[in-house]
Amino acid sequence: MKLGILSRRSLTLAVFVAFEFMRVAAATGAWSAEGKADLRQSPTGGKSPVEVSVGMYVTNLVGIDETREIFEVGGYLIGTWQDPRLALPGNQNVSGQDRSLVRTFQLEDLWTPAIDAANSVSHKTISYLLQADSKGNVTYVEHFDAVLSNDYSLRKFPFDTQVLRFEFQPFLSAASEIRFADKALPSTGISPEQHTELASWRIKELSYTAEKVTGNAFVPDEREALFKIVMERRSGFYIWKVFLPLFMLTMIPALVFWIDVKEFDWILKVPMTMLLSMVAFEFAVARDLPRIGYVTFLDSVFIVSFAFCFLCMFEITFVYLIQKAARRPLAVRIHEAGRWAYPAAYLAALSILAICFLGW
């Protein structure tokens with residue numbers, strides 16, 4: 001009698017263990033109607049591209065370096081796609097009571113889109129999560145820190161707006177296996193925390209487009225997932241630390257027009273000293289800027305300031321020579337006219353530069 005009871009208990013235990021094994025096997029993807037399929041191969045077998053939806057959530061904008069033409073950013077990359085091989089039999093659905101149906105995988109166990117950042121300098125994956133639900137929807141989340149190269153348009157510097165680009169493209173051998181979705185995932189955005197922004201930059205917006213990239217003999221045509229962060233420079237530092245001191249240095253030579261032209265040796269020293277000060281000042285500012293081949297707004301202001309100091313020295317020499325030619329009244333009239341002509345002309349020149357470069 002006891003032996004019969006023991007046998008029934010053993011049979012019940014064996015059935016329970018077998019059922020649990022089947023449930024765990026199905027939950028991990030090791031057992032399915034297509035159990036022999038290699039999950040490391042493309043879900044479509046290369047017959048058609050897999051649509052991949054991507055998103056990016058920026059948590060920390062570390063720095064923007066115009067001199068080296070790079071920027072560093074940290075955050076989360078999110079990708080989702082459909083893999084029918086991971087759908088559980090019986091159309092099971094994930095519920096709050098049975099979370100085991102959401103399965104977690106390692107990268108080496110499952111096919112994932114081969115995607116590279118085309119403008120990446122360095123990329124560090126801090127951690128990642130790869131999961132699939134009962135319907136075969138796969139979600140990949142990566143916490144990253146990356147340094148990317150970027151083209152900067154500095155013509156309006158320091159009143160410029162820059163666009164930071166994240167250019168994600170399929171790896172060459174997998175270009176035909178992936179097609180980026182037209183819209184970004186809802187999780188795309190920028191953290192509102194204070195440490196996200198930089199002291200010298202203001203974040204305006206983050207946008208996404210899936211654009212077609214024309215290839216060549218080596219790289220085929222493909223679509224790229226392009227994220228853009230629009231950044232606006234905070235110009236207050238340059239207004240108070242560069243433009244205001246430069247304006248004052250340029251206006252100091254205007255004092256010589258109130259001094260008699262016969263004091264040639266003394267008044268000539270004023271614009272010469274200011275000109276040398278501007279040169280040193282310009283070198284201090286320029287060492288933190290990239291060596292670009294065009295003139296920025298700040299460059300043009302420096303050039304005009306140099307020119308006005310030079311013209312001041314030329315005017316002093318000119319009226320002194322007229323006075324030595326026994327034409328002092330004419331020299332005095334020309335010199336006195338500079339009292340108002342010099343500052344008015346300088347302000348007019350700055351206004352023209354602002355209109356030409358900034359569109360003010």
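The values are calculated or read from the model by the stated rules, or taken from the named source; none is laboratory data. Owing to the predicted nature of the structure, the values given are computational and were not obtained by experimental measurement. Backbone-built Cβ (ideal geometry, glycine too); neighbour counts: all protein chains shown. Only protein heavy atoms, including side chains, enter the accessible area calculation; ligands, DNA and RNA are left aside. Shrake-Rupley method; radii C 1.70, N 1.55, O 1.52, S 1.80 Å.
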When you scan region 62-75, do you find a residue that is surrounded by 19 or more Cβ atoms within 10 Å (Cβ to Cβ) and in contact with a Ser or Thr (Cβ under 7 Å, 6 or more places away or on another chain), even just one? yes
Does region 256-274 hold any residues that are crowded, with 19+ Cβ neighbours inside 10 Å and in a helix (DSSP H, G or I), and which are they? Val256, Phe257, Ile267, Val270, Pro271, Met274
Residues of region 82-109 being assigned to a loop (DSSP other than H, G, I, E, B), out of contact with any Leu (no Cβ under 7 Å at 6 or more places or on another chain) and either surrounded by 12 or more Cβ atoms within 10 Å (Cβ to Cβ) or modelled with pLDDT under 65 (or both), which ones? Asp83, Ala87, Gly90, Asn91, Asn93, Ser95, Gly96, Gln97, Asp98, Val102
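Looking at region 116-126, can you tell me whether even one residue there is among the charged types (D, E, K, R), surrounded by fewer than 16 Cβ atoms within 10 Å (Cβ to Cβ) and either without any contact (Cβ under 8 Å) to a residue 24 or more places away in the chain or part of a strand (DSSP E or B) (or both)?
Start the filter on region 116-126 by keeping residues that are among the charged types (D, E, K, R), which leaves 116, 124.
Filter again for surrounded by fewer than 16 Cβ atoms within 10 Å (Cβ to Cβ), leaving 116, 124.
From what is left, the residues that are either without any contact (Cβ under 8 Å) to a residue 24 or more places away in the chain or part of a strand (DSSP E or B) (or both) are 116, 124.
Within region 116-126, one or more residues are among the charged types (D, E, K, R), surrounded by fewer than 16 Cβ atoms within 10 Å (Cβ to Cβ) and either without any contact (Cβ under 8 Å) to a residue 24 or more places away in the chain or part of a strand (DSSP E or B) (or both).
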Checking the condition closer than 30 Å to Ile115 by Cβ, of a type outside the set (A, V, I, L, M), open to solvent by less than 40 Å² (accessible area, probe 1.4 Å) and in contact with an Asp or Glu (Cβ under 9 Å, 6 or more places away or on another chain), which residue from Glu224, Glu232 passes? Glu224
Here is a check on your reading of the model: is Ser277 more than 35 Å from the chain's Cα centre (by Cα), of a type in the set (Ser, Thr, Tyr), more than 21 Å from Val261 (Cβ to Cβ) and surrounded by 13 or more Cβ atoms within 10 Å (Cβ to Cβ)? yes
Give me the pairs, please: first residue somewhere in region 262-279 and farther than 11 Å from Thr250 by Cα, second residue anywhere and open to solvent by less than 50 Å² (accessible area, probe 1.4 Å) and not basic (Lys, Arg), beta-carbon distance under 6 Å, and either six or more positions apart or on two chains. Ile267/Val256; Ile267/Ile259; Ile267/Ile316; Leu268/Ile316
Test set (1) closer than 30 Å to Asn150 by Cα; (2) without any contact (Cβ under 8 Å) to a residue 60 or more places away in the chain - Phe297 fails condition number: (2)
Residue under question is Pro192, and the condition is that it be open to solvent by less than 60 Å² (accessible area, probe 1.4 Å) and on the phi < 0 side of the Ramachandran plot; does it hold? no
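Here is a yes/no grid of residues against (1) under 50 Å from the mean Cα position of the chain (by Cα); (2) aliphatic (A, V, I, L, M); (3) open to solvent by less than 90 Å² (accessible area, probe 1.4 Å); (4) at pLDDT below 90:
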| residue | (1), (2), (3), (4) |
| --- | --- |
| Val301 | yes, yes, yes, no |
| Ala331 | no, yes, yes, yes |
| Ala337 | no, yes, yes, no |
| Trp340 | yes, no, no, no |
So which residues in region 280-299 are part of a helix (DSSP H, G or I), of a type in the set (Phe, Trp, Tyr) and open to solvent by 40 Å² or more (accessible area, probe 1.4 Å), if there are any at all? Phe281, Phe283
Of the conditions (1) outside any helix (DSSP H, G or I); (2) more than 36 Å from the chain's Cα centre (by Cα), Arg223 clears all except one; give me its number. (2)
